[in-house]
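K.L.:
I have a structure I would like to understand better, so I am pasting it below and will then ask my questions one at a time.
The values are calculated or read from the model by the stated rules, or taken from the named source; none is laboratory data. All values reported here derive from a predicted model rather than from experimental measurement. Counting neighbours? That spans all protein chains shown, and the Cβs are built from the backbone with ideal geometry, glycine included. Surface accessibility is based on the protein's heavy atoms, side chains included, excluding ligands, DNA and RNA. Shrake-Rupley method; radii C 1.70, N 1.55, O 1.52, S 1.80 Å.
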Amino acid sequence: MILQFGVLLAFLAAGELLVRFTGIPVPSSIIGMVLLCASLKLGIVKLKWVEKLSGFLVHNLGFFFVPAGIGLMNCLGLVADQLVPIVCATVISTVIIIAVTGWVHQFTRSASSKMAQKMAKEAQ
């Protein structure tokens, strides 16, 4: 378990260093997870090195939202003052995300179908 924690922490640190030295305007945790994902895909990091701890963290993910929820409860007056813009932004962004996800799915499905047809013709 300590090795798994060390691997995850190393990628978090790598993301932090990359953001600090390059000034990329992306959170370091996201950069670290992208690096971890790429390392897993390339076989540099074995899944068994991070599987148990990752499963534990995902299984208990809701627990990590408790501090944010409590912080939000402390700001209910501010949220109430800005309720209409918050609801509008939430609805609009949700519709946009659903639409973009659908378009991307259709595009990738169409592209993979065309690629499969092309490979089938070449195989004949």
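K.L.:
Give region 86-96 a look and list any residue that's under 27 Å from Cys75 (Cα atoms) and either touching a strand residue (DSSP E or B) at 6+ places or on another chain (Cβ under 7 Å) or open to solvent by 80 Å² or more (accessible area, probe 1.4 Å) (or both), or say none.
P.N.:
If the condition is that a residue be under 27 Å from Cys75 (Cα atoms) and either touching a strand residue (DSSP E or B) at 6+ places or on another chain (Cβ under 7 Å) or open to solvent by 80 Å² or more (accessible area, probe 1.4 Å) (or both), then Val91, Ile92, Val95 are the ones that fit.
K.L.:
With the condition kept exactly as written, say whether any residue in region 20-29 is in a helix (DSSP H, G or I), among the small types (Gly, Ala, Ser) and in contact with a helix residue (DSSP H, G or I) (Cβ under 7 Å, 6 or more places away or on another chain).
P.N.:
Checked against the condition, which is being in a helix (DSSP H, G or I), among the small types (Gly, Ala, Ser) and in contact with a helix residue (DSSP H, G or I) (Cβ under 7 Å, 6 or more places away or on another chain), region 20-29 yields at least one hit.
K.L.:
Which of the residues spanning region 108-124 are surrounded by 10 or more Cβ atoms within 10 Å (Cβ to Cβ) and either under 21 Å from the mean Cα position of the chain (by Cα) or not in a helix (DSSP H, G or I) (or both)?
P.N.:
Scanning region 108-124 gives a single hit, Thr108.
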